[in-house]
Amino acid sequence: MNLTNSLALVGLLSLAACGPSGNKALHDANASTTQVANTLDDISQTIRTVQETANQVKAFSEDMAVTGERVKGIQGVELLGDSGWEYKVVHPDEETAEALETALNELGKEGWELTTRSGNNRDPYLIFKRRKR
């Protein structure tokens, strides 16, 4: 038994010898020790889970880089590479709201994202961007 464990044992035996208040202190110390051990187990499990997830993402990213495929449909995840951006400028002209909506929906299906509206009220234009394919 090492020195730390021996001192802890002596301390616990001293608490136990103090009667009912020592028993309560011993019980509280045991409960605290159990709670700390459970918390450390939870933290350890969380770290293992994060590590496994990071390894899976790394492997997935490497596979995607080898095949040249792109990730689609995952919100909040963007795998950065050297693909860069491409841009498209659209003049709405005198289109009706329905025709403009249809045109914008088509651009969205093609991966274009509206970044800004520029120009003036008489001659507006919309600027879209998407990752180079």
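The values are calculated or read from the model by the stated rules, or taken from the named source; none is laboratory data. In this text, all values refer to a predicted model and were calculated from it rather than measured experimentally. Because the Cβ atoms are built from the backbone with ideal geometry, glycine has one as well, and the counts that use them run over all protein chains shown.
Here are a few things to note about the model shown:
- Where L107 falls short, out of the listed (1) touching an Asp or Glu at 6+ places or on another chain (Cβ under 9 Å); (2) of a type outside the set (F, W, Y); (3) part of a strand (DSSP E or B): (3)
- Filter result for Q51 (at pLDDT below 85 and outside the structural domain of N121 (by TED's automatic domain parsing)): no
- So L114, is it at pLDDT 80 or above and assigned to a strand (DSSP E or B): yes
- Among the residues listed as A29, A8, the single one being surrounded by 10 or more Cβ atoms within 10 Å (Cβ to Cβ), assigned to a helix (DSSP H, G or I), out of contact with any Pro (no Cβ under 8 Å at 6 or more places or on another chain) and at pLDDT below 65: A8
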